[in-house]
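Values quoted throughout were computed directly from the atomic coordinates according to the rules given, and no laboratory measurement underlies them. What you are looking at is a predicted structure, and each value in this text was computed from that prediction instead of being measured. Don't worry about glycine lacking a Cβ; one is built from the backbone with ideal geometry, like all the others, and counts go over all protein chains shown.
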Amino acid sequence: MKASQPRKSGTVIAEIVTAIIFLLFLFPFLLVLINSAKTSFEVTQYPLALPTRWGNLIDNIVKIWTSESVRYPNSLLSSIIITAVSLVLINVFSAMAGWALVRTKTKTSSAIFFIFVASMVIPFQIVMFPLLSWFRTVTDVTGIRLLRTYQGIILSYIGFGAPLSIFMFHGFIKSIPLELEEAATIDGCHKHQIFFKIIFPILTPIQATVLVLNGIWIWNDYLLPLLVLGKGNDVMTLPLAVSNFAGAFVKQWDLILTAILLAMVPVIIFFLFAQKYIVKGMVAGAIK
Amino acid sequence: MTKKTESRVVFWAFLAPVLFAFIMVMIIPFFLGSYYAFTNWTSSARVDNGLRFVGFKNFTNSLKDPSFLYSFGITFVYTILNMIAINVTAFALALLVTGNLRFKNIYRVGFFVPNLIGGIILGYIWQFIFNNAVPSLGTIIPALSFLADPDKLILGKNTSALAAMIIVGTWQYAGYIMMIYVAAIENIPQELIEAAKMDGATPWIRLKAITIPLCAQSFTVTMFLTLVNSFKQFDVNVSLTSGGPSTMLMGKPILGTELLALNIYNTAFISNKLSEAQARAFVFFLVLAIISLIQVYVNKKKEIEL
């Protein structure tokens, strides 16, 4: 009994310390919430006070929802389309490529895999300016518009997301026994059937990781949409919209913070539903 | 179709979509970009017209530009300090939330949440905190009245603004790194700790002799992860300080917290020197390539030791 006494008080102290750090960590989000429910005057005078009228929150949300420079409904929709389509395509295409690279043992195959892995070192900064002029050239030659369009940004996300995704699928597929596929071949399965009917379903755990890692990156990305989509475009992502708004309405913190709140809500809701997968996926992604 | 041709057709068909996108947005721009760094490329120039090879001129011009030299230096300072701050915080948090706490799962989630929000949005939140909330704290608490002095705003001075960026970087990233440490700590065999307790090892000795050595593998991962991510920091830099406040170096006005990624961006779009920005991006790439080579080397060495 005596031995457990000090340990218990230690646990209580740890619990209190952790709880305080926890509250400090989340305090910025609380500030966003309470200041979204204030008038412009209140925000600058009493940023730490509770709002006098929570109804202001609704007023501010309506202002942001209908604001011409945020165009929230439009931006939310664009963000969802870009993230969802890119994710589906990255997931399927990278899994296909990963499988083809593992199951084909030629020099070309290993060379291609090596290039994908090596390319992970390349920072976006060295490709971003030539990417824009190259996209313009492609449009001049083929007439297909890539800048300021969905197809351009989705193509970019597939290209930039592929190396890490292929690397992860590659690692996972290596551990799947070949006998499984040989048995299917004997039963008369074609190669593509083997992949889509047998392999792809087995990949679910690694698919979750790939989706989470790419999803968080694409949803929050700022620089690529800024360059490829540009400002004042019909296709606009949420981070871009918030930054445009903050740039145009400097110091209008009541509205900027409301825009921020509205930009965070979809992520938080999604996280609460898929929490387990997100944390697992991100840790697995880092360790590999 | 013979078996062999079928395999070859399937191989290329399965690779085609990814290869197409990858070549379009990575390979071609990478080689174009590496080439442009040595030319007089401007924003109006297309791939083929009016380009002239200028050798290392863009590089030597960059090295003569105080803003680039300053950015380089400050990026290293920021990277090292940020890396230390994140990892120390993350490891401490990991130790706390792997202990015997009642709400440890809620704590873990809470610490992790900032990581889900984009850097651009986090930067604006903290700009509000440093410019409005903190001074307001100074007016409420008399002992902290210096915080309310408009001349002493945290984002108004170079060193404190850099510290602010490290605070935000740590807040954003520590929860994620914590999760990696949590995974490592939970992998430590419980018997080891029990045995150490039996032998009368204090928590501090258990930490030094068991927990830290057994987490060594994950330290390599987290160190390089935070190193590379800090070095590439852009979003928080844009929305928190926009590179400011301005200051003077070698007789020229420069931005006091402009990290390399932002310096590259500003060189292209504000100073309108596209080929010079490209040269800086090339240097940026070389530094990252060297870091990665060191990482591969360290990992290889570790594997041999194991």
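Let me know the shape class of the range A:4-65, please: from the alpha-carbon gyration tensor, a ≥ b ≥ c as square roots of the eigenvalues, rounded when a/c is under 1.5, otherwise prolate if a/b is greater than b/c, or oblate. The shape class here is prolate. Distance from the C-alpha centroid of the range B:80-121 to that of the range A:126-157: 38 Å, rounded to the whole angstrom.
Once the Cα-Cα distance is subtracted from the 0.36 nm per residue extended length, the A:L23 to A:V62 segment shows a gain of 11.1 nm. If you sort the three axes of the alpha carbon gyration tensor as a ≥ b ≥ c, you get a/c of 1.5 or more for the range A:1-140 and a/b no higher than b/c, which makes it oblate. Given the protein assembly as shown, what whole percent of its Cα pairs are spread farther than 47 Å? The calculated P(r) of the protein assembly as shown puts 18 percent of pairs beyond 47 Å. Residue order for A:H170, A:H192, fewest other beta carbons within 10 angstrom first, comes to A:H192, A:H170.
Here the range A:76-195 has an Rg and Dmax of 17.5, 51 Å, counting Cα atoms alone.
Taking the fewest neighbouring Cβ atoms within 10 Å as the starting point, the ordered list for B:K232, A:K251, B:K252 is B:K252, A:K251, B:K232. Shielding of peptide A:251-261 by partners, expressed as the average count of other chain Cβ atoms within 10 Å per residue Cβ, is 2.
Let me confirm one metric for peptide B:27-36, namely the mean number of other chain beta-carbon atoms within 10 Å of its residues' beta-carbons. The partial results should precede the final answer.
Values: counts 5, 7, 14, 6, 2, 8, 10, 3, 1, 4.
Across B:27-36, the average partner-chain Cβ count within 10 Å equals 6.
Separation of the alpha carbons by more than 25 angstrom is noted, of A:K105/A:K280; A:K231/B:K157; B:K157/B:K232; A:K38/B:K104; B:K152/B:K273, for A:K105/A:K280; A:K231/B:K157; A:K38/B:K104; B:K152/B:K273. Here is what passes the span test in chain A: the DSSP H helices with alpha carbon length of 30 Å or more along the helix axis and a Kyte-Doolittle mean of 0.5 or above are A:4-35, A:72-103, A:150-174, A:253-287.
Quick check: from the Cα gyration tensor, does the range B:1-155 come out rounded (a/c under 1.5), prolate or oblate? List each step's numbers first, then the result.
On the way: a/c = 3.07, a/b = 1.42, b/c = 2.16.
Here the range B:1-155 falls in the oblate category.
Applying Stokes-Einstein at 4 °C and 1.567 mPa s to the Kirkwood radius of chain A, computed over alpha-carbon pairs, gives a translational diffusion coefficient of 58 µm² s⁻¹.
Checking the cross-link filter: which lysines have an alpha carbon closer than 18 Å to that of B:K302, excluding same-chain neighbours under 8 positions apart? Excluding near neighbours in sequence, the set is A:K288. For a distance above 20 Å, tell me the whole-number percent of Cα pairs in the range B:81-257 that qualify. Counting every Cα pair in the range B:81-257, those more than 20 Å apart make up 62 percent. Give the separation of the Cα centroids, the range A:9-46 to the range A:159-207, in Å. What the calculation gives is 47 Å, centre to centre. Helices in chain B that qualify as membrane-span-like (whole DSSP H runs, Cα extent of at least 30 Å along the helix axis, mean Kyte-Doolittle hydropathy of -1.0 or higher) are B:66-97, B:158-186, B:274-305. Ranked for footprinting exposure by Cβ neighbours inside 10 Å, fewest first, B:K273, A:K174, B:K4, A:K280 give B:K4, A:K174, A:K280, B:K273.
Under a model in which nothing but the beta-carbon of Lys, Arg (+1) and Asp, Glu (-1) is charged, the protein assembly as shown shows a dipole of about 600 debye around its Cα centre. Amide H to amide H, with H built 1.01 Å from N, B:E258 comes under 5 Å of no residue 5 or more places away or on another chain.
What value, in deg cm²/dmol to 500, does the helix sum -39500 (n - 2.57) over DSSP H runs of n ≥ 4 give at 222 nm once divided by the residues of chain B?
Working: 13 runs with 195 residues, N = 306.
It comes out at -21000 deg cm²/dmol, rounded to the nearest 500.
Assigning unit charges at the beta carbon (Lys, Arg +1; Asp, Glu -1) and nothing else, what dipole magnitude in debye, to the nearest 20, does chain A show about its Cα centre? Show your work: numbers first, answer last.
On the way: 21 positive and 12 negative charges, 102 e Å.
So the dipole magnitude of chain A works out to roughly 500 debye.
Under Stokes-Einstein, with the Kirkwood radius over Cα pairs standing in for Rh, what whole-number D in µm²/s applies to chain B at 37 °C and 0.692 mPa s? For these conditions, the coefficient is 143 µm²/s. Projecting the Cα atoms of B:I141, B:T220, B:I117 onto the charge dipole of chain B, computed from C-beta unit charges around the Cα centre, puts B:T220 farthest toward the positive end. Placing +1 on the Cβ of every Lys and Arg and -1 on the Cβ of every Asp and Glu, with nothing else charged, gives the range A:18-123 a dipole about its Cα centre of roughly 480 debye.
The residue among A:W219, B:F282, A:Y277 whose Cα reaches farthest toward the positive pole of the charge dipole of the protein assembly as shown, with charges on the beta-carbon of Lys, Arg, Asp and Glu, is B:F282. Counting only residues at least eight positions apart within a chain, or on another chain, the lysines with an alpha carbon under 21 Å from that of A:K197 are A:K174, B:K3.
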